[in-house]
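Colleague: Mind looking over this structure? Questions follow.
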Amino acid sequence: MTAAKEFQPLNLCVLTVSDTRTLANDTSGDYLCAALGEAGHRLHARSLCRDDKYRMRAIVSHWIAEADVHGILVTGGTGFTGRDSTPEALRPLLDKEMPGFGEMFRVLSFEEIGTATLQSRAFAGLANDKFVFCLPGSTSACRTAWEKLIRTQLDARTAPCNLAGLRPRLREA
């Protein structure tokens, strides 16, 4: 596969999972919305919900079913506390998992926070031709994931290959 010569803007959704944040103090969600816009993508929808796996599934399932959505960025709920349930909520929705994302995120994160990265259960995958990225709740972690992994993979011009360039082939039988 070769990279495209022109940028192809994607419609992306942002979900913040938190029991304490509101839209007024959601710095991680704010960062992701601003970063995707600066990269040339469009914010299709944004939501914030408590760490409730059924509410999370409902929101993400709705976005997965929307034809105009190309990707979903979820921040929060990927840790080890009793309330952290993003992996349990959203992994069952995935058609395919992308193990390399979580692995690479933890490698990059290790350079910044050391062995604390072992507590991250960040992951990504594909659901109904939508890319789903589940990130830790800290703004720093969102910045690392966006700047070092996600941004270039959602840019069809990235060589030798990228996720955005796969979009036309995601529904192949």
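The values are calculated or read from the model by the stated rules, or taken from the named source; none is laboratory data. Here the structure is a predicted model, which means the values were calculated and not measured. Here the Cβ is made from the backbone with ideal geometry for all residues, glycine too, and neighbour counts use every protein chain on show.
Colleague: Quickly run through region 79-112 and pick out the residues that are assigned to a helix (DSSP H, G or I), among the hydrophobic types (A, V, I, L, M, F, W, C), in contact with a Phe, Trp or Tyr (Cβ under 9 Å, 6 or more places away or on another chain) and free of Cβ contacts under 8 Å to residues at least 40 places away in the same chain.
Modeller: A89
Okay, residues lined up against (1) touching a Lys or Arg at 6+ places or on another chain (Cβ under 7 Å); (2) of a type outside the set (K, R); (3) surrounded by 15 or more Cβ atoms within 10 Å (Cβ to Cβ); (4) more than 17 Å from S138 (Cβ to Cβ):
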position	(1), (2), (3), (4)
H44	no, yes, yes, yes
L48	yes, yes, yes, no
I64	yes, yes, yes, yes
D95	no, yes, no, yes
M98	no, yes, yes, yes
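Colleague: Okay, moving on. Condition first: of a type outside the set (G, A, S) and under 18 Å from L149 (Cβ atoms). Now tell me which residues in region 23-52 satisfy that.
Modeller: Y31, L32, C33, L36, E38, H41
Colleague: Can you report the number of residues in region 141-173 which are surrounded by 15 or more Cβ atoms within 10 Å (Cβ to Cβ) and not aliphatic (A, V, I, L, M)?
Modeller: Matching residues across region 141-173 total 13.
Colleague: Which of the residues that make up region 6-22 are under 14 Å from D68 (Cα atoms) and either in contact with a helix residue (DSSP H, G or I) (Cβ under 9 Å, 6 or more places away or on another chain) or in a loop (DSSP other than H, G, I, E, B) (or both)?
Modeller: Q8, P9, L10, L12, C13
Colleague: Separate question: Taking region 19-33 as the search range and keeping residues that are modelled with pLDDT under 95 and of a type in the set (S, T, Y), which one is nearest to Q153 (Cα to Cα)?
Modeller: So, considering only residues that are modelled with pLDDT under 95 and of a type in the set (S, T, Y), the one nearest to Q153 (Cα to Cα) is T22.
Colleague: Oh, and also: Test of understanding: among L32, L23, which residue is surrounded by fewer than 20 Cβ atoms within 10 Å (Cβ to Cβ) and within 23 Å of R143 (Cβ to Cβ)?
Modeller: L23
Colleague: Within region 28-70, how many residues are part of a loop (DSSP other than H, G, I, E, B) and in contact with a strand residue (DSSP E or B) (Cβ under 8 Å, 6 or more places away or on another chain)?
Modeller: Final tally of qualifying residues: 7.
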